[in-house]
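Readers should treat all values here as calculations from the given coordinates under stated rules, not as data from a laboratory. Computed from a prediction, not measured in an experiment: that's the story for all the values here. Here Cβ is always computed from backbone atoms with ideal geometry, including for glycine, and neighbour counts include all displayed protein chains.
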Amino acid sequence: RNLDLPGVKAKDIVVNLAGSVLKVEALRKSGEKVINKYRREIPVDTKKAVNAEGIKSYTSEGVLTIVLPKKPVPETIQIKPLAMDPPHSDNADDDSFHFTIELPGVKLDDLNISGKGDALSLQAKRKAGASSSVIKRTFTVAEDVLLDKAAA
């Protein structure tokens, strides 16, 4: 993204990210006297699209260039379910995210769980005699949940 800032020196430009808003402030000066103030707020999708850690800005000949690197596309993670009772923690400091889904009639080998980004997907096949049914569910989890560490 480029912004024209004619007559503004690099030392008089401040670029910072506050939450999901990129703020640009610049002062055009003549000597020490401020001639013009420039302020712009640009919404930025830091949750899904933009890697906030890698934002950089450059200025040359009155043009401010802001580089907003994209976040890598999350990989799909397979979560292998275990044949056991779920773990139980009495630890008050355990901030793990837990939830239970009842799947009567579903065999362990007919259960597929995967995660990608902030989505946890479940597909289960229930067989009863000659008939079968497929259960598909997708759950949105908080962005601080580490799906690559998930267990089922």
So E143 and K70, fully extended at 0.36 nm per residue minus their Cα-Cα distance, gain in nm 24.6 nm
Quick calc, segment 77-149, dipole around Cα centre from Cβ unit charges on Lys, Arg (+) and Asp, Glu (-), nearest 20 debye, gives 780 debye
For the chain, the dipole about the Cα centre with charges only on Cβ (Lys and Arg +1, Asp and Glu -1), to the nearest 20 debye, works out at 920 debye
Simple spin-label estimate for A152/D85, 7 Å along Cα→Cβ, in nm, reads 2.2 nm
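Going down the table (K107/K136; K11/K48; K23/K116; K80/K116; K11/K47; K116/K136), which pairs top 26 Å between alpha carbons?
The pairs that break the limit, which is 26 Å between Cα atoms, are K11/K48; K23/K116; K11/K47.
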Dividing the alpha-carbon radius of gyration of the chain by 2.2 N^0.38 Å, where N counts its residues, gives 1.71
Scoring segment 77-149 by relative contact order with C-alpha pairs under 8 Å, at least six apart, yields a percentage of 29 percent
Taking a label point 7 Å from the Cα of D109 along Cα-to-Cβ, the residues of segment 122-152 whose backbone nitrogen sits under 19 Å from it are 123-135
